[in-house]
Amino acid sequence: MFLEQGIKPHNKFWLYLLGSVLIIIASFIGQIPFSLAVFYKSWISGKGFPSNDAAVMKMFEPNLTLFLVMISFAFAFVGIYYVVKYMHRQTLLSVTTSRAEVDWKRVGFSFLLWSLFSVLSFVVLYFSSPESFVWNFKWGPFLILVVIGTVLIPIQTSTEEYVFRGYLMQGFANLARNRWFPLLMTSVIFGSMHVFNPEVVKMGYIVMVYYIGTGLFLGVITLMDEGMELALGFHAANNLVGALLVTSDWSVFQTHSLFIDISEPSAGVDVLLPVVVVYPVLLFIFSKKYNWSNWKEKLTGKINVVESLN
């Protein structure tokens, strides 16, 4: 089973702490090109360094910014691979799924399902409040965005999934030997990683309900499905469709998307609706398609240690 694949005599929790530090270092190395670009532009402009992260993100053309930011995730992914292989003596597959190989049909189904929902949701929002959106399509920049986004955004989202729903979930399972603790901890940490996002600054900490709730949803589908495939597809669709479809001046990334949201953001139904309505509907769809059962045991039960697993 998925969590049990990380339960090995040599996989002590301190090893996961050390591995996490090494993955963070790999990510920092990947940030060097962006940092050098910021330093160089600040130097030649004579204006000094930007005062905050929002100013940094607006220093360059949006496609270049997206490219430079996404590079760090590629380095982090390489870090995950080497930490898993050489420190934990596991295969990357073992922190991906309990199946004999990655089920790409699951990844594709989840990706298409959430992409369809995201597009339909936007269509409803657009026709209910067209004055809140401005058409932003430009052939050249948009096509470049499509290429960069299609290649690098799945790397970014997959890296986050491997860290939280794969590596750390198995790490906390090693520590607690149950299922509820890894699910809770990875959800809270995943949500907390977004606390400095511009959306939180703009709308307040109530937005954390959405981020932590999303982490919880991704953790639930990982545990119920005994693998990360559904989470990988969902996360990639969420970020890629969002980057291509609509952006705003208060979101994490400003991209050459099809539309710009010019409305004043507010933390209301749009924050709570996914967590209390949409995600339960998705859980129902997944559970019927993949015949999930024994929810209590899979989400809160004890870990059955199988030392012989490779």
Exercise. Only one residue in Ser72, Ser35, Ser45 is in contact (Cβ under 8 Å) with a residue 12 or more places away in the chain and either exposed (fewer than 14 other Cβ atoms within 10 Å of the Cβ) or of a type in the set (Ser, Thr, Tyr) (or both), so which one is that?
Worked result: Ser72
For this session: Could you list all residues from region 168-205 that are of a type in the set (Lys, Arg) and within 21 Å of Ile303 (Cα to Cα)?
Result: Arg177, Arg179
Exercise. Name the pairs whose Cβ atoms lie under 8 Å apart, with the first residue in region 2-28 and more than 20 Å from Ala231 (Cβ to Cβ), the second of a type in the set (D, E, K, R), and 6 or more positions between them or separate chains?
Worked result: Ile7/Arg177; Ile7/Glu307; Lys8/Arg89; Lys8/Glu307; Pro9/Glu307; His10/Arg89
Exercise. Residues in region 287-304 that are over 18 Å from Arg177 (Cβ atoms), open to solvent by less than 40 Å² (accessible area, probe 1.4 Å) and either in contact with a Leu (Cβ under 6 Å, 6 or more places away or on another chain) or assigned to a loop (DSSP other than H, G, I, E, B) (or both): how many?
Worked result: 1
For this session: Read through the list (1) open to solvent by 30 Å² or more (accessible area, probe 1.4 Å); (2) farther than 30 Å from Glu297 by Cβ, then give the number of the only condition that Leu17 fails.
Result: (2)
Exercise. Is it true that some residue in region 247-260 is touching a Phe, Trp or Tyr at 6+ places or on another chain (Cβ under 6 Å), part of a loop (DSSP other than H, G, I, E, B), among the aliphatic types (A, V, I, L, M) and closer than 15 Å to Val119 by Cα?
Worked result: yes
Exercise. Do you know which of the residues in region 75-110 that are touching a strand residue (DSSP E or B) at 6+ places or on another chain (Cβ under 9 Å) and either open to solvent by less than 30 Å² (accessible area, probe 1.4 Å) or not in a helix (DSSP H, G or I) (or both) is nearest to Ile32 (Cα to Cα)?
Worked result: Thr96
Exercise. Looking at region 48-63, which of its residues are assigned to a helix (DSSP H, G or I) and without any contact (Cβ under 8 Å) to a residue 12 or more places away in the chain?
Worked result: Ala55
Exercise. Which of the residues that make up region 100-133 are touching an Asp or Glu at 6+ places or on another chain (Cβ under 8 Å) and farther than 19 Å from Phe234 by Cα?
Worked result: Ser132, Phe133
Seminar exercise, completed: Picked from region 173-214 (must be free of Cβ contacts under 8 Å to residues at least 24 places away in the same chain and aromatic (Phe, Trp, Tyr)), the residue farthest from Trp295 (Cα to Cα) is Tyr205
Seminar exercise, completed: The number of residues in region 191-231 that are assigned to a helix (DSSP H, G or I) and open to solvent by 20 Å² or more (accessible area, probe 1.4 Å) is 14
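The values are calculated or read from the model by the stated rules, or taken from the named source; none is laboratory data. No experiment lies behind these values; they were computed from the predicted model shown. Methodologically, a virtual Cβ is constructed for each residue, glycine included, from the backbone with ideal geometry; neighbour enumeration extends over all protein chains shown. Each accessible area value is taken on the protein alone, full model and side chains, heavy atoms only, with ligands, DNA and RNA left out. Shrake-Rupley method; radii C 1.70, N 1.55, O 1.52, S 1.80 Å.
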